[in-house]
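Every number here is computed from the coordinates shown, using simple stated rules; none is lab data. Everything numeric in this text was worked out from a predicted model, so none of it was measured. Neighbour counts are summed over all protein chains in view; Cβ atoms, including those assigned to glycine, are modelled from backbone coordinates with ideal geometry.
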Amino acid sequence: MKKALLISMMVLVVAGLVFAQGASEAGGKKEIRVLLWDSTYNSTIVKNGIEEKFEAAYPGYDVIFDKIAYDDLDKTILFSHASGDDYDVIQVITTSLNPLKAGGALAPMDDLIKKTNLDFSTWSPAAVKAGIIDGATYGLPFDPDCRILAYNVKILRELGLEPPKTTDDMLKIAKAAYEKLGVYAMAGQISKNVFCMYDLGGFQLCFDSKVYDLVDGKYTALLDKPEALAFVKWATEMYKYMPKDTNINDTLARSMFAQGKVAMLWWTPSQIKSVIPQFEHREDLEFSVMPVGPTGVRGSAMGGYHWGIGSGSKNKEAAMKFLEFALQPENQALIARGLPADTRAFDYPPYNVPDYNMFREQLKSSSYPAPLIDLFTKVAETWNRRFQESLLGTITPEEACRIGQQEVQAILDTYKY
Amino acid sequence: MKKFKEPKPKSALAVGSRKLSTGHKIALILFSIMLFVLILFPFYWIILSSFKNFLEIFEVPIRFVPKRLDFTNYKEVFTEYHIGTYLINSVVVTVTTVLITTSISTMASFSLTRLQFKGSKAFVKFLQMSQMFPVVVILVPLYLMCTRMGLVGTRSSLILPYVAVQIPVSVILLSTYFVDIPKEMEEAALIDGCSLFQLFFKVMLPLATSGIVAVSIYTFIQVWQEFLIASSFVRKSIHYTLTVGLSTFKGEFINWGGLMATSVIIAIPAMILFTVSQDFFINRLAGGVKE
Amino acid sequence: MLLNRKNRIAAYLLILPAAVMLAVFVLYPMVLNISLSFKDYSMLKTTTENVGFKNYVKLLTDVRVWEAVQRTFVWTFINVAGALLIGLGAALLLSNGFKGSNMIKAIVLIPWVLPSVITGYIWALMLQEDAGVITYILKTLKIVAPDFSWFRTGPLSMAAAIMANIWRAFPFFTLMIFAKINTIPSDHIEAAMLEGANSIQLFRHVTFPFIRPTVYTCTYLCFIWSFNAFDILKVMTNGGPAEMTTTMSIMVQREAFQFFEISNASTMSVIMFALMISVILIFTVASRLIRRVKK
């Protein structure tokens, strides 16, 4: 009895190890390994049969997609590079381009691009520029997005107010919605580290202000400027009419918006495809370009993704073949979740509808919230703390800007030019 | 195998239960209900949420009972999110890890507690210290080392690190059970002419069985829901375990329904395992030592 | 008595697999980790060099690190105390052996069995200011103000996360203590009862001395886990608001996987380790002194 138990245990262990080893892939075709954010994979690659399309166009290649959660994208890229097992094609978060290049994970692409027929003259200039680091191309834009404003027309009608065109309008609506109807102005997770750059912080561009910028060849914090203070004051005032919970994740925020409990919200075009279909009262929602700030500037924060090629990839030419395919206008339109980088792609489905004209326009005047250097994340994390403290009222906007200026500049001073 | 007579469930406090006043009894019942609700309520909420869709989860006013028993989330979880594959991976990895860990730990524990030898104290100290480093920090060196050894990228790449990480706690916990075995048993067996081998297999193991089972279950539970190593060491999504599969629900948009459905799926095997073996190890413990 | 040569070899052989596994997969990375704390290794750079104790100086003089240390201790101690008290209470309750206790035994493991991220998510959901069932009940019963929020201030956010963590941690205590209580020979108890002991005296003089080793082991393990705990805080508060619930664990993870500053993370982990050992040493020494005084 005991012997039987022992033997069956050993068999189980061996079987487990063998099974766990996994089958090896069949050879023959040239393999291209692509790393994607799973949302991209599910919502566009699979739905539009990209794998089949590519393999039909290039029969000698076998493209394999690996999908990862958003939070693990950078980690996976760096880890696979550290172990010498780089992916061939990588979907890179645009703000991570610089850090990844600094870590040696991305391959320079200029020589490979010369061999293709890609023409960037019709592409979003800001997105193309973001992929060029130290004069060489390390990333090709494929899915930039920008911020737009969403609002609930039903609530506005009840308040007798017009859709917001300026940041002052937004405050008026916020106050009225909260005090008269008990509806929140906006909602989001203020403890998220990009909150100060993209979410509520995305409106900073409307105030003609950035957290930091390249000034006379040096990266300088700009929180001591009056425009920055104006923005922080505006945000602090706005926060009075937002939920008290600081951990409202994006799903909850959108759910509240869908239920008519939130009047306005920052939005990205990618969420039009993915999130709106889940709303019951679609007709209550409308979108517009970002509002204009007190100095007459309309800003929209850009984000999104670039394609990169792993520096340790053993198949760089094949990788470029895939990218050439994926970046054709008609394919960009199919693969992009947000907006395609090439304005010609707007002539193809699903972007060839009037809905997207607004974003085509907004994209032209969008910019990244701050220079995308490798210190971007650290600066965001640091400034977000003071930003939150101002919103929560533990310090005044003036103090937040003063302390934030010191801290951000201290970080920027460590930049290696 | 000797069969122990199943003793009446003995409990420290029950002996005097006849003497408990009604006040006492009411207090006990009250506390029991509170405990019951405390434990179950969040779990009930998870099950409830697994039947809701994205809008209903955050609906106000709050629904305490599901509108309808909607298994869409569960269906979706198996068809679109491949939880079936992840489930199999989890089972294989966890069971294998538990078997290997328990074997290694039992041997080590026996050696440390019953056979005093030079360096055993130092080894125990080392075990205690290795617990204290958060896994996250040995993750990067561990990862780099494992890739150099060619151990990364398959399911089995999880098993060896898991075993290593679970050994310290297993040994520490098992030791408390081995230590309890009275020396008289050992001496009696030795007088009967037992070799070390026989001592271990025929005497120690049966007596410590309850402890071994308890610690195996503990290891199972720890490995079953481990996330950090699982997410870093496995690359292909067909190799994901359930916990890593959980993270796939958190995209730009958290699929709460899927998340909750998967949690229920994750919780069930562990619960079943525990319920099945629970009588075994809690009640046996009392009887085993008596003999 | 067993220490003849053949057995000593056997003893080492039995330890061997465990020792090898630990040496390769735990000791070596630990040593590597410590060596990294003396370098300036970042995954976002392609070169590293030794910097001696610079990292330690930098971090030990950083106010944010000490704030995190403080928060870590608050978090850990409240968690351990809460889990211990509730766990012990539940174990005593169960050991009364009446009908309800079998039902409770069957479910007591649930909090522990759920993945910690789920615990975080569900508690965050239940405590949400509008859609959270617990907050809703509290507000309906007027125990809190209508605009009450758990996650607006640092202390309350910490309290929320601690509740979730205690819920998760106490079954471990309950199980281990309950198993140990079941081994108390009933004659000890009968003897005490015959001498007219009530429940409290029974506990103090019979039960507790018996379960004391288990309580100590469990407390020790719970201390280590709580000190290193990460998932629940990350999911519920993300270290916020404004970093008011950022414990050392969260800081280490952030350095390692958001900033990819591996050396900083390594240094912080060594500091954490040193702190943990200090606390444990202090307690061990203190308890020995107390025992000596009692004699």
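Data overview
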{"quantity": "Prolate/oblate/rounded label for region A:307-405 (Cα gyration tensor, a/c 1.5)", "calculated": "oblate"}
{"quantity": "Whole-number D in µm² s⁻¹ for chain A, Kirkwood Cα-pair radius fed into Stokes-Einstein, 10 °C, 1.306 mPa s", "calculated": "69 µm²/s"}
{"quantity": "Volume per residue of the C-alpha convex hull in region C:124-218, rounded to whole Å³", "calculated": "146 Å³"}
{"quantity": "B:N53-A:E283 FRET efficiency (beta carbon distance; Förster radius 22 Å; 0.05 resolution)", "calculated": "0.65"}
{"quantity": "Compactness relative to 2.2 N^0.38 Å, alpha carbon Rg of chain C", "calculated": "1.23"}
{"quantity": "Cβ charges +1 (Lys, Arg) and -1 (Asp, Glu), total dipole of chain B, debye", "calculated": "520 debye"}
{"quantity": "Unit charges at the beta carbon, dipole of chain B: most positive-side option, B:I29, B:S50, B:P141", "calculated": "B:I29"}
{"quantity": "Fewest-first sequence of A:H81, C:H205, C:H188 by Cβ atoms within 10 Å of each Cβ", "calculated": "C:H205, C:H188, A:H81"}
{"quantity": "Calculated FRET value between A:I276 and A:K114, using beta carbons and R₀ = 56 Å, to 0.05", "calculated": "0.85"}
{"quantity": "Largest-first principal axis extents, alpha carbons of region A:352-406, Å", "calculated": "47, 28, 14"}
{"quantity": "Dipole axis of the protein assembly as shown (+1 Lys, Arg; -1 Asp, Glu on Cβ), positive-most option in A:T122, A:Y70, A:C196", "calculated": "A:Y70"}
{"quantity": "Neighbour-count order for C:S278, B:S49, fewest beta carbons within 10 angstrom listed first", "calculated": "C:S278, B:S49"}
{"quantity": "Residues C:C222, A:C196, sorted so that the one with the fewest Cβ neighbours within 10 Å comes first", "calculated": "C:C222, A:C196"}
{"quantity": "Unit charges on C-beta of K, R, D, E only; dipole of region A:119-265, Debye", "calculated": "600 debye"}
{"quantity": "Relative intensity, log₁₀ I(q)/I(0), of chain B from a Debye sum that treats every alpha carbon as a point, q = 0.16 Å⁻¹", "calculated": "-1.27"}
{"quantity": "Candidates C:K234, C:K45, C:K180, ranked by Gaussian network fluctuation over chain C, Cα under 10 Å, top entry", "calculated": "C:K45"}
{"quantity": "Kirkwood estimate for the protein assembly as shown, i.e. one over the average of 1/r between Cα atoms, Å", "calculated": "30.6 Å"}
{"quantity": "Positive-end extreme of charge dipole, region C:62-144 - chosen from C:I122, C:G100, C:A83 (charges on Cβ)", "calculated": "C:G100"}
{"quantity": "DSSP-defined beta bridges in the protein assembly as shown - what % are antiparallel, rounded to 5", "calculated": "70 percent"}
{"quantity": "Under 15 Å, Cβ to Cβ, from C:S116 - net charge with Lys/Arg +1 and Asp/Glu -1", "calculated": "+1"}
{"quantity": "Estimated D of region A:185-260 in µm² per second, where Rh is the Kirkwood radius over Cα pairs and Stokes-Einstein applies at 20 °C, 1.002 mPa s", "calculated": "158 µm²/s"}
{"quantity": "GNM flexibility winner over chain C from C:N165, C:N50, C:N228 (Cα, springs under 10 Å)", "calculated": "C:N50"}
{"quantity": "Convex hull projection area averaged over all views, region C:1-101, Cα basis, nm²", "calculated": "14.6 nm²"}
{"quantity": "Neighbour count of at most 16 Cβ within 10 Å plus DSSP loop: longest chymotrypsin sites (Phe, Trp or Tyr not before Pro)-free window in chain C", "calculated": "C:149-295"}
{"quantity": "18 Å Cα-Cα threshold exceeded, pairs from A:K378/C:K45; A:K67/A:K321; A:K316/C:K45; A:K378/C:K58", "calculated": "A:K67/A:K321; A:K316/C:K45"}
{"quantity": "Loop-located trypsin sites (Lys or Arg not before Pro) in region B:85-175 whose Cβ has at most 15 other Cβ within 10 Å (DSSP)", "calculated": "B:K118"}
{"quantity": "Charged-residue dipole, Cβ positions (Lys, Arg, Asp, Glu), the protein assembly as shown about Cα centre, Debye nearest 20", "calculated": "4280 debye"}
